[in-house]
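The values are calculated or read from the model by the stated rules, or taken from the named source; none is laboratory data. Predicted model, so just to flag it, every value in this text is computed and none were measured. Counting neighbours? That spans all protein chains shown, and the Cβs are built from the backbone with ideal geometry, glycine included. With ligands, DNA and RNA removed, areas are computed over all heavy atoms of the protein, side chains included. Shrake-Rupley method; radii C 1.70, N 1.55, O 1.52, S 1.80 Å.
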Amino acid sequence: MKFISSLALVSTISVAAAELIRLGYPTDGAVLTAGQSVAVQVIQPEGLGSCIQVGIALAVKNCDTNGVCSDPAKELGSVLYAGPFEGVIPLPGGWYQNFTVQIPEYLDEGKAIFTLTHLCLLGGAPFPYLEFRNASVTIA
């Protein structure tokens, strides 16, 4: 029984360290213009375990006047897209999908955080796995 518990713990730690999805664009330092459309790239690297896609959300939020950004796990900001991720376009070592979203006109100029939120069901006896990928961007 202790072996099974240890195995489950190791498996959980391995998954927590895994990157099941990533943000291809925007990247840290990107400048996004309020009111303009931007092509967002979401990449799913090939993984070791099965991941049944539930969906993703793309969001952007201004940071405060001191440049401190809120934790996306607590507050996403303006949701630009929420829906399926299919990752059908092949890349060496994975798949990607592009999404065209509009940056809200009402965002203030300055530092912001762009967040990709991903939910999938992972493993042979699936459990929900939620992850966030962020990019520090500037709103112009």
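Looking across Val40, Val68, one residue alone is open to solvent by less than 20 Å² (accessible area, probe 1.4 Å) and either over 14 Å from the mean Cα position of the chain (by Cα) or within 21 Å of Lys111 (Cβ to Cβ) (or both). It is Val40. Has segment 94-114 got any residue that is in contact with a Leu (Cβ under 9 Å, 6 or more places away or on another chain), closer than 30 Å to Asn66 by Cα and hydroxyl-bearing (Ser, Thr, Tyr)? For segment 94-114, residues in contact with a Leu (Cβ under 9 Å, 6 or more places away or on another chain), closer than 30 Å to Asn66 by Cα and hydroxyl-bearing (Ser, Thr, Tyr): absent.
Restricting attention to segment 89-137, the residues being surrounded by 14 or more Cβ atoms within 10 Å (Cβ to Cβ), touching a residue at least 60 places away in the same chain (Cβ under 8 Å) and among the β-branched types (Val, Ile, Thr) number 4. Residue pairs whose Cβ atoms lie under 9 Å apart, separated by 6 or more positions or on different chains, with the first residue in segment 64-83 and touching a residue at least 60 places away in the same chain (Cβ under 8 Å) and the second in a loop (DSSP other than H, G, I, E, B) and small (Gly, Ala, Ser), do not occur. When you scan segment 125-137, do you find a residue that is under 15 Å from the mean Cα position of the chain (by Cα) and assigned to a loop (DSSP other than H, G, I, E, B), even just one? No, because not a single residue in segment 125-137 is under 15 Å from the mean Cα position of the chain (by Cα) and assigned to a loop (DSSP other than H, G, I, E, B).
In segment 87-100, how many are within 14 Å of the chain's Cα centre (by Cα) and either over 23 Å from Cys51 (Cα atoms) or in a loop (DSSP other than H, G, I, E, B) (or both)? Looking only at that region, the number is 1.
Checking the stated criteria, Lys74 turns out not to satisfy the condition of being of a type in the set (Lys, Arg) and in a strand (DSSP E or B).
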